[in-house]
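Undergrad: Sharing a structure below in structure tokens format, with a few things to ask.
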Ligand code: USQ
């Protein structure tokens, strides 16, 4: 397949590009380096230095003989998007969003940037598809955070409601906890509208926090590793805890630590995208799948990292701190996630062995850990 990846420099975009290219697909990545720029400005650079996209693509070609085409540009530029879609890719994987909840909550400028970028890129993609490649399958990264933490089971995107004796099927109610997560809700609404009215084909993957840095391709050379963040802006909780364990900093459980989320290994993100691409949504369909493999509370995660640390001789302490976010800290969480399993997903679970392996990789970069990047600097203001 001919596959275009928007946001190809990101934590997920780059490993996805390598994975699909290794499988023989014709891959083009697009990125404007917005995350690198925000990381520089907020002092949130990744733990391991990552070469720029052209250098990474060259290294990947050296190691595998496979090529990845690189385009540096902004998905909010409609002429660029139109030109890329005129090449008629079979699928577009859309990661080109400002992905940090804390960044989106710093203040007006950061909220505006998140809103403009995320909705602007999605809107341009939709129009570029409609005008140039109406058959193209849009694979959009949504987030489990769109649903929030309702007191009922979370269905896979849709819910059947019976009201005053009549029945209907609706998008599952959404209640996001940050402006970033809210932009993803709005993206879903845009995609739903254009699928209904103009017949675009869309898969919206509601993904939980991802962890890991090892994939078949990134293991070939350190220069191919994804951007591994442990800062409070871009670092997701598991990756942060692993770095804290290595640095000897007590694990920063926010508040009561009863916050439950659905997690998945980076390797499974790659599988999910590949499965979605191989089984496209129908014309006019907005297909939603919940992309996670197991559910933990923050306290459970901290205990798992503590136990794995013990295996490698680390004394890991857990020290709950005041929660900088406004979120439920003790709540019901039961998520249906059968769609991707039915397509063939074989989960890589968060075993002690997996955590130990990650601790060992992080330990090789211990000298680069900057403790000032660890503690939360952004508070959700009431
Ligand atoms: N948390 C801690 N301690 C920390 C960091 C986080 O207790 O040091 C808690 C948070 O308060 C939250 C949970 O861990 O309850 C998850 O936080 P996170 O920072 O790993 O995830 P989040 O900000 O929700 O965002 C991440 C990605 C985002 C993706 C989302 C999936 O950055 O792009 O959409 O995970 S989800 O969380 O399911 O919405």
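Nothing in this text is a laboratory measurement; each read-out follows from the coordinates by a stated rule. What you are looking at is a predicted structure, and each value in this text was computed from that prediction instead of being measured. Using ideal geometry, Cβ is built from the backbone for each residue, glycine included, and neighbour counts are taken over all protein chains shown.
Undergrad: Which numbered condition trips up residue 265, out of (1) away from the ligand (no atom under 11 Å from the Cβ); (2) under 18 Å from residue 9 (Cα atoms)?
TA: Condition (2) is where residue 265 drops out.
Undergrad: Please work out if residue 148 is more than 30 Å from residue 19 (Cα to Cα) and within 18 Å of the chain's Cα centre (by Cα).
TA: Details: more than 30 Å from residue 19 (Cα to Cα): yes; within 18 Å of the chain's Cα centre (by Cα): yes.
Considered against the rule, which asks whether it is more than 30 Å from residue 19 (Cα to Cα) and within 18 Å of the chain's Cα centre (by Cα), residue 148 comes out as yes.
Undergrad: Just checking, does region 205-226 include any residue being over 30 Å from residue 51 (Cβ atoms) and within 16 Å of the ligand (Cβ to nearest atom)? Reasoning before the result, please.
TA: In the first step, residues of region 205-226 are kept if they are over 30 Å from residue 51 (Cβ atoms); the result is 206.
Now drop any that are not within 16 Å of the ligand (Cβ to nearest atom), which leaves 206.
Scanning region 205-226, I find at least one residue that is over 30 Å from residue 51 (Cβ atoms) and within 16 Å of the ligand (Cβ to nearest atom), so the answer is yes.
Undergrad: Same structure, new question: Name the residues in region 320-351 that are under 19 Å from residue 153 (Cβ atoms) and without any contact (Cβ under 8 Å) to a residue 24 or more places away in the chain, would you?
TA: Correct list: 341, 342.
Listed here are the residues, each with its yes/no results for (1) under 27 Å from residue 329 (Cβ atoms); (2) within 15 Å of the ligand (Cβ to nearest atom); (3) more than 15 Å from the chain's Cα centre (by Cα).
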residue: 112; (1), (2), (3): no, no, yes
residue: 133; (1), (2), (3): no, no, yes
residue: 138; (1), (2), (3): no, no, yes
residue: 144; (1), (2), (3): yes, yes, no
residue: 157; (1), (2), (3): yes, yes, yes
residue: 174; (1), (2), (3): yes, yes, yes
residue: 184; (1), (2), (3): yes, yes, no
residue: 187; (1), (2), (3): no, yes, no
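Undergrad: Can you tell me which of 358, 289, 350 is part of a loop (DSSP other than H, G, I, E, B), in contact with a helix residue (DSSP H, G or I) (Cβ under 7 Å, 6 or more places away or on another chain) and within 16 Å of the ligand (Cβ to nearest atom)?
TA: Numbers: 358 fails: part of a loop (DSSP other than H, G, I, E, B); 289 fails: part of a loop (DSSP other than H, G, I, E, B).
It is 350.
Undergrad: Tell me, which residue of region 164-185 that is touching a helix residue (DSSP H, G or I) at 6+ places or on another chain (Cβ under 6 Å) and in a helix (DSSP H, G or I) is surrounded by the fewest Cβ atoms within 10 Å (Cβ to Cβ)?
TA: Across region 164-185, the extreme among qualifying residues is 185.
Undergrad: Of all residues being within 14 Å of the ligand (Cβ to nearest atom) and not in a loop (DSSP other than H, G, I, E, B) in region 307-326, which is surrounded by the fewest Cβ atoms within 10 Å (Cβ to Cβ)? Just the residue, please.
TA: If we take residues in region 307-326 being within 14 Å of the ligand (Cβ to nearest atom) and not in a loop (DSSP other than H, G, I, E, B), then 321 is surrounded by the fewest Cβ atoms within 10 Å (Cβ to Cβ).
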